[in-house]
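This report refers to the structure that appears directly beneath it.
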2 protein chains.
Amino acid sequence: MISDVSEMTNAGCVQFCPAFGETTANIAKMVGFIENADLDLIVFPELATSGYEFKNRDEAFELALELDNGAEIAQFKNLSADTDTVLVFGFAERSGEKVYNSSALIEPDGSVTVYRKIHLFDQEKFRFDPGDRPPGVKTTKVGRIGMLICFDWIFPEVTRKLALDGAQLICHPSNLVLDLCQKSMFARSVENCVFTLTCNRTGTENRAGRELTFTGGSQILSTRGKTLAVASAEGEEVISAAIEPKVTDDKNLTSNNHILKDRRPEFYKGLE
Amino acid sequence: MISDVSEMTNAGCVQFCPAFGETTANIAKMVGFIENADLDLIVFPELATSGYEFKNRDEAFELALELDNGAEIAQFKNLSADTDTVLVFGFAERSGEKVYNSSALIEPDGSVTVYRKIHLFDQEKFRFDPGDRPPGVKTTKVGRIGMLICFDWIFPEVTRKLALDGAQLICHPSNLVLDLCQKSMFARSVENCVFTLTCNRTGTENRAGRELTFTGGSQILSTRGKTLAVASAEGEEVISAAIEPKVTDDKNLTSNNHILKDRRPEFYKGLE
């Protein structure tokens, strides 16, 4: 299943501060990071192209990108191919009359996979449509990738489902304002035996009657919860680690405990 | 639903080192802790009455207690009534030809609730029968209690189910030999908005061809993952905290996010 996948992946998170509404400038900044990073996989924050604090749904709709029209996604596709880098980034996605808080997974072969956030946080409920499809796993040249977006972290069901579906790398674009997530991803990594890459943003936004400060602390955790790389709370930084995705396929915590096969779903009624 | 429940509960964990096979002495030690603790709820480690490292199933069977026969459970029932303390402790349970790694919840009114560990760790699979009933929630004078035993922690489904069933306090007798659990209970507390009381043991056992050192670090965590009390890695200690179980009933992380009602089970297929 993974014979065509590299043994080692240089995976990174680009923690930065998008400027609200400055799509062109934000993308130019992202392009610069990608061109200079020399990584196989790069994860960016949630809503990296637009910024976070939309005043309302109309503003989110206006600043959203379309997958099939416009130059932005095409630009990332070209860049992925040119640099042979798998890219994951958050963006506001316009689709017909809908607008989603989405994450794009763009591969060097030109394929684009989109996940639409299914658990919207706080005011996002008034700005976005909730994701309308289950989270899924995409096999890429760097391993099998599942995506979460920010607040999805608090629902263990999502990462669990991705792990059951074979995910090796959980790519997690975020705009976190608390530190509960960074401390909880230890459990997400360990309970599923997966690598987790949480890419948060930095900076402060004050647009919709409240001031939000994002907490940085982007991190890459091993299958045993070891911090392989971590960013500061405030800086714009690229963090990275050389990881071996296939180690996630050994789910044996002991010779008698396979952490997925040891599940006893007959006693979990009520979760679905 | 909780009108008959105390507002505040003094809840504790008794971290100690059971002597293998010395049931009478271990129970005497537990009795001493209970009589001196002046707490409303006390959680003891897993297999507190027997010790952990049985050489085989026969030995576990021999050292097991029966719920309805013998003096041991009756002694705890009397003690619970006399001290007005809710007790939770791990023990090997014999039932007909079966032997389970169980946890007893004993209340001052004489009621006894037993949970049989459903996820056996490593060699336990050769010593115990797997739990044959789903984990459940019991309403007590100190709040609604759900029990985990040790390795159950790594399966987020169990605590989630208990939270969905109304648990406020997760009582978690353990015999942990790693430190993955202690670091992961932060997520269990936060993702379910419950108090977690992990009571680990200390000491070393070397009986079945391997040496096991238990890692202590018993802890009581708040609904937001705050460490309310924590024990050392090696000492026999009583830790405690005054907690308010009803705060767990407010599952709103923000005014727009109820962490249980925000679940989207239609996208979690495959967990059951």
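In the set (1) within 14 Å of another protein chain (Cβ to nearest Cβ); (2) open to solvent by less than 50 Å² (accessible area, probe 1.4 Å), the condition left unmet by B:Ala104 is number (1). Of the residues A:Lys117, A:Lys98, the single one that is within 14 Å of chain B (Cβ to nearest Cβ) and within 27 Å of A:Glu157 (Cβ to Cβ) is A:Lys117.
Considering region A:25-69 alone, what residues qualify as being acidic (Asp, Glu) and under 16 Å from A:Arg201 (Cβ atoms)? Steps first, please.
Here is the first cut: in region A:25-69, the ones acidic (Asp, Glu) are A:35, A:38, A:40, A:46, A:53, A:58-59, A:62, A:66, A:68.
Within region A:25-69, A:Glu46, A:Glu53 meet the criteria.
Of all residues in region A:20-73, those satisfying the criterion of being within 24 Å of A:Pro245 (Cβ to Cβ), in a loop (DSSP other than H, G, I, E, B) and within 18 Å of the chain's Cα centre (by Cα) are A:Leu39, A:Asp40, A:Phe44, A:Pro45, A:Glu46, A:Ala48.
Among the residues making up region A:107-136, a single one is of a type in the set (Ser, Thr, Tyr) and not in a strand (DSSP E or B): A:Ser111.
The set of residues from region A:87-99 being open to solvent by less than 10 Å² (accessible area, probe 1.4 Å) and out of contact with any helix residue (DSSP H, G or I) (no Cβ under 6 Å at 6 or more places or on another chain) comprises A:Val88, A:Phe89, A:Gly90, A:Phe91, A:Glu93. Among the residues in region A:121-136, are any touching a strand residue (DSSP E or B) at 6+ places or on another chain (Cβ under 8 Å), away from chain B (no Cβ under 14 Å) and at pLDDT 95 or above? No, region A:121-136 contains no residue that is touching a strand residue (DSSP E or B) at 6+ places or on another chain (Cβ under 8 Å), away from chain B (no Cβ under 14 Å) and at pLDDT 95 or above.
Considering only residues in region A:137-180 that are open to solvent by less than 10 Å² (accessible area, probe 1.4 Å), assigned to a loop (DSSP other than H, G, I, E, B) and within 24 Å of A:Asp262 (Cα to Cα), the one that is nearest to the other protein chains (Cβ to nearest Cβ) turns out to be A:Phe155. Pairs linking a residue in region A:60-76 that is farther than 17 Å from A:Gly21 by Cβ to a residue that is open to solvent by 50 Å² or more (accessible area, probe 1.4 Å) and in a loop (DSSP other than H, G, I, E, B), with Cβ atoms under 9 Å and 6 or more positions apart or on different chains, are A:Ile73/A:Glu66; A:Ile73/A:Leu67. Inspection of region A:223-240 identifies at least one residue that is surrounded by fewer than 18 Cβ atoms within 10 Å (Cβ to Cβ), at pLDDT 95 or above and more than 18 Å from A:Gln15 (Cα to Cα).
In this structure, is A:Asp84 within 14 Å of chain B (Cβ to nearest Cβ), more than 16 Å from A:Leu162 (Cβ to Cβ) and surrounded by fewer than 23 Cβ atoms within 10 Å (Cβ to Cβ)? So that I can check it myself, show each step before the final result.
Numbers: within 14 Å of chain B (Cβ to nearest Cβ): no; more than 16 Å from A:Leu162 (Cβ to Cβ): yes; surrounded by fewer than 23 Cβ atoms within 10 Å (Cβ to Cβ): yes.
Taking the combined requirement at face value, the residue does not satisfy it.
Checking the stated criteria, A:Thr248 turns out not to satisfy the condition of being more than 14 Å from chain B (Cβ to nearest Cβ) and more than 27 Å from A:Gly143 (Cα to Cα).
Would you mention how many residues in region A:24-57 are aromatic (Phe, Trp, Tyr) and under 22 Å from A:Ala229 (Cβ atoms)?
Pass one, region A:24-57, residues aromatic (Phe, Trp, Tyr): A:33, A:44, A:52, A:54.
Adding the requirement that they be under 22 Å from A:Ala229 (Cβ atoms) leaves A:33, A:44.
So the answer is 2.
The condition (being within 11 Å of chain A (Cβ to nearest Cβ) and aliphatic (A, V, I, L, M)) is satisfied by just one residue among B:Val190, B:Val230: B:Val190. Annotation note: of A:Ile170, A:Ile106, A:Ile154, the sole residue that is in contact with a helix residue (DSSP H, G or I) (Cβ under 9 Å, 6 or more places away or on another chain), without any contact (Cβ under 8 Å) to a residue 60 or more places away in the chain and under 26 Å from A:Arg210 (Cβ atoms) is A:Ile154. Residues in region B:217-227 that are more than 14 Å from chain A (Cβ to nearest Cβ) and either more than 17 Å from the chain's Cα centre (by Cα) or closer than 12 Å to B:Leu178 by Cβ (or both): B:Gly217 alone.
Please verify whether region A:196-214 includes one or more residues that are outside any loop (DSSP other than H, G, I, E, B), within 14 Å of another protein chain (Cβ to nearest Cβ) and in contact with an Asp or Glu (Cβ under 9 Å, 6 or more places away or on another chain). Yes, region A:196-214 contains a residue that is outside any loop (DSSP other than H, G, I, E, B), within 14 Å of another protein chain (Cβ to nearest Cβ) and in contact with an Asp or Glu (Cβ under 9 Å, 6 or more places away or on another chain). Note on region B:251-272: residues that are surrounded by fewer than 15 Cβ atoms within 10 Å (Cβ to Cβ), in a loop (DSSP other than H, G, I, E, B) and within 7 Å of chain A (Cβ to nearest Cβ) total 3.
The values are calculated or read from the model by the stated rules, or taken from the named source; none is laboratory data. Because the structure is predicted, anything quoted here is derived from the model rather than measured. Cβ: placed from backbone, ideal geometry, glycine included. Neighbour counts: every protein chain shown. Ligands, DNA and RNA are excluded from the accessible area calculation, which covers all protein heavy atoms including side chains. Shrake-Rupley method; radii C 1.70, N 1.55, O 1.52, S 1.80 Å.
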